[in-house]
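What follows is calculated from the coordinates using simple rules that are stated; it is not laboratory data. Fair warning: this is a prediction, and the values are worked out from it, not measured in the lab. Backbone-built Cβ (ideal geometry, glycine too); neighbour counts: all protein chains shown.
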Amino acid sequence: MSSSLFETDLIRFRPFKKDDIDLLDEYLNHPELMGRKNLPWGFSEYIPLSRPQIEEIHKKWIEKKKGIALAIEEVSTSTFLGHIVIDYGWDTLQPSISITITPSKQKKRFGTEALHLGINYIFNSLPAMQINCWISESNAIGLQFAEKNGFKQGGRMRRVGMAQGKFYDLIVCDMLKTEWRGNQ
Amino acid sequence: MGLEGKLVYLREEMEEDIEKQKDLRNDLSTQGWNKALPPDYTLSMYKERFEKRKFSFDRTDGRFTVISKDTDEYVGHISYSDYEDRFSAAIGVVIDKSFWGKGMAYDAQEVLLKFLFLELGVQVVRIWTESGKEHAVDLAKRSGFKISGKLRNTIYKGGTIKSTLIIDLLREEYFALHPEFEDKLPSIE
């Protein structure tokens, strides 16, 4: 068993590299990830991203302050699996977490492993009292994933955007440090 | 036509407001955010903030000073931020304690909501506040806002742990409460 902060036997987090641009271009424009790419504020989750936009996102992730944005890769093959973003720009007491896994690698425990690694990092390294995540109401898989891994729904942020001709809400979910400790 | 209510009117910020803004920010009972601590803001900091505002037709915020119609006194300030074109904005209001309980905050809030829904055509207005801040929640509810979400244990303030409340008001909810206005903006849904 690996003892690294950002590595398990199955996955590891690594910084984005200069030559990840091509990989990100393909990954972030994958039609199945529409609406659940977890992009920096201001980028559309639905509109295909241009090369300069991909480069801007890449730069934001590489230079991220008050949080982390890292690539997730498989330990055994070093294959790119997706990305994790932890953000405590507003307040370190309440970081948010988001994970995206490339469609061909979903449902293989990579997301679960990445989430647990991210949660452990937050509660073992930051003065956080809770972790939150914000999931589109249309993302049933994401909501199920969050709930299965201990997050509780706390209502919604109504009418955050429009998709396919309809307004949609974000469901807010959180996990308290006391709940996390209880599940250890 | 200005931004005018029954008790107050809203005008642009002026340099003469800065000292009062600074005082409200440095008072723990009137400043809203834990994030804004410590309460040691200086006049020069506020002057810099005031002077840094740039001319633009692509603004994402609006900051107004609230003035009493009766006495022309400075009452406080009200603002919107996170404005997304024709879609959403978040608002916040701060009132000098000497004007609390006189309906000034509600009046200023109604003026700003009318501006946001009837002039900017937004679909939703949000307020972010915290549990235990009953006056803020009551003020929001009085204008028709609903608590739609809650994030637990997000704020440490005054020695206690509080939750973030996500409060919002949809366009159709606003017009349902204001039959004096007709929503002539075609539905985008």
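Quick notes
- Any hit, the range A:97-119, residues being out of contact with any strand residue (DSSP E or B) (no Cβ under 6 Å at 6 or more places or on another chain), surrounded by fewer than 20 Cβ atoms within 10 Å (Cβ to Cβ) and among the hydrophobic types (A, V, I, L, M, F, W, C): no
- Taken over the range B:1-56, residues that are within 19 Å of the chain's Cα centre (by Cα), basic (Lys, Arg) and more than 14 Å from chain A (Cβ to nearest Cβ) amount to 7.
- Failed item in (1) surrounded by fewer than 14 Cβ atoms within 10 Å (Cβ to Cβ); (2) out of contact with any Gly (no Cβ under 9 Å at 6 or more places or on another chain), with A:ARG12 passing the rest: (1)
Per-residue answers, yes or no, for (1) away from chain A (no Cβ under 14 Å); (2) under 26 Å from A:MET162 (Cβ atoms); (3) assigned to a helix (DSSP H, G or I):
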position: B:GLY101; (1), (2), (3): yes, no, no
position: B:TYR106; (1), (2), (3): yes, no, yes
position: B:GLN109; (1), (2), (3): yes, no, yes
position: B:ARG126; (1), (2), (3): no, yes, no
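- Hits in the range A:128-150 - residues which are within 11 Å of chain B (Cβ to nearest Cβ) and either farther than 26 Å from A:PHE110 by Cβ or in contact with a strand residue (DSSP E or B) (Cβ under 7 Å, 6 or more places away or on another chain) (or both): A:MET129, A:GLN130, A:ILE131, A:ASN132, A:CYS133, A:TRP134
- Restricting the range A:127-166 to residues that are over 21 Å from A:LYS37 (Cα atoms) and surrounded by fewer than 15 Cβ atoms within 10 Å (Cβ to Cβ), the residue that is farthest from the chain's Cα centre (by Cα): A:PRO127
- Within the range B:140-189, considering residues that are of a type in the set (Lys, Arg) and more than 7 Å from chain A (Cβ to nearest Cβ), the one nearest to B:PHE117 (Cα to Cα): B:ARG171
- None of B:ALA105, B:ALA90 is under 23 Å from B:TYR174 (Cα atoms) and touching a helix residue (DSSP H, G or I) at 6+ places or on another chain (Cβ under 7 Å) except B:ALA105.
- Condition check for A:THR178: hydroxyl-bearing (Ser, Thr, Tyr), outside any loop (DSSP other than H, G, I, E, B), within 14 Å of another protein chain (Cβ to nearest Cβ) and closer than 28 Å to A:SER4 by Cα: yes
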